Amino acid sequence: MLRAAAYLPTRTDGRRRVRSWDEDAFTLVATALERLLAGSTSRPPAWTIREVGAARALPPELLAGILGESVTVVPAPDPTASPLADALERASHGAGPELLVGAVEEASGSPASAVPPPGEGAFALLVDELPSSTASLLPAGTAPLPGQELAALVPIAQRADAAAAKAWVGDWAASPAVGRPPPPQGPPAFPSAAVSEGAYVPRASYLEAVASRWRFSGERCRSCSTLSFPSRGRCRRCGRADTLTAESLPRDGLEVVALTWIGPGGQPTEFDEQVAAVGPYGVALVALADGLRATVALTDTEPGEIRLGGRVDTRLRRLYAIEGSWRYGRKAVVRQPTPG
């Protein structure tokens, strides 16, 4: 069994896709993983994730936050002739389903290559025992260079028959030349060491809230049927803590019930660098379920594109730098067609 998902950023520079200012290797892979597992029934109690080619030491605790299960990460070896084929072969002989992930943060490879790189993006593969040689999955005569694994997979997705195509979701058919303009200058590539003067949250508390804030996971009370969000460890209606069951809330197609734009001087101090670099940003209040709502910043959008009563999707993106690392959270984007 092989299931695959791709994510390409919405922005383009020339004829290649480029990351927005709040995207990095982790958020690229996170979006690909979310697309991959949205239609999958394989949910082992723990995941093995193999990094492929250009993947860069993705933190296990962050990957676990996306998946909701414990994660063991197998780092990518020093890239050789065909790191993708090697990783597929190893994963296909594993003890159970494995995930392969790769992020391309800079286009690489020769322009004359048989599989020209589509620009920046990410892919995620769900691999179980494969019925045939994994080498047959790659285009004939192709040995992907480091950073070209995403491009090497595109012809496979595009030649799949109608039944097999259901296992290939995401941006496989997207044209690298069609998209939004390149992003404006963004925040620094490396987080500053400054501590926020605004809504400071210790890293331990931040990671504890990942289920709610990253996966939009709530808690249903079996006693009174009340749904609580964000998770509090106690029912918001009857107060019981021993009758709670995790329940996933929708992350896409959410209705906008309030909307505002925050300009220079109105932002919390942790967003000072962002506003100085890219200007005002939008914030929306979106409806989830059972009267529950969440506040999300907007990204990859301009004033007027998202309106009250409209629908938005959400993606995991960088929020701000604090204590030497990035903090992440869900942001609203313009509603996209269902990937497939």
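The values are calculated or read from the model by the stated rules, or taken from the named source; none is laboratory data. Being a predicted model, the structure only gives us computed values, none of them experimental. So basically every Cβ, Gly included, is an ideal-geometry build from the backbone, and we count neighbours across all protein chains shown. When the accessible area is computed, the model is the full protein with side chains, heavy atoms only, and any ligands, DNA or RNA have been set aside. Shrake-Rupley method; radii C 1.70, N 1.55, O 1.52, S 1.80 Å.
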Using beta carbons and a limit of 8 Å, which pairs, at least six apart or on different chains, have the first residue in the stretch 50-77 and within 23 Å of SER248 (Cβ to Cβ) and the second one of a type outside the set (A, V, I, L, M) and modelled with pLDDT under 85? GLU69/ARG43; GLU69/PRO44; GLU69/PRO45; SER70/PRO45
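Quick one: would you say GLN336 is surrounded by fewer than 18 Cβ atoms within 10 Å (Cβ to Cβ), under 23 Å from the mean Cα position of the chain (by Cα) and farther than 27 Å from THR226 by Cα? If you could, list the steps in order and put the result at the bottom.
On the way: surrounded by fewer than 18 Cβ atoms within 10 Å (Cβ to Cβ): yes; under 23 Å from the mean Cα position of the chain (by Cα): yes; farther than 27 Å from THR226 by Cα: yes.
Yes.
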Do you know which residues across the stretch 282-299 are at pLDDT below 95 and not aliphatic (A, V, I, L, M)? ASP290, GLY291
Modelled with pLDDT under 90, open to solvent by 10 Å² or more (accessible area, probe 1.4 Å) and among the basic types (Lys, Arg): does that describe ARG16? yes
Name the strands (runs of 3 or more DSSP E) wholly inside the stretch 224-333 in which the number of residues that are in contact (Cβ under 8 Å) with a residue 24 or more places away in the chain and open to solvent by 20 Å² or more (accessible area, probe 1.4 Å) is 3 or more. 244-248, 254-262, 281-287, 311-322
Please find, within the stretch 80-114, the residue that is modelled with the lowest pLDDT out of those that are under 21 Å from ARG11 (Cβ atoms) and aliphatic (A, V, I, L, M). ALA107
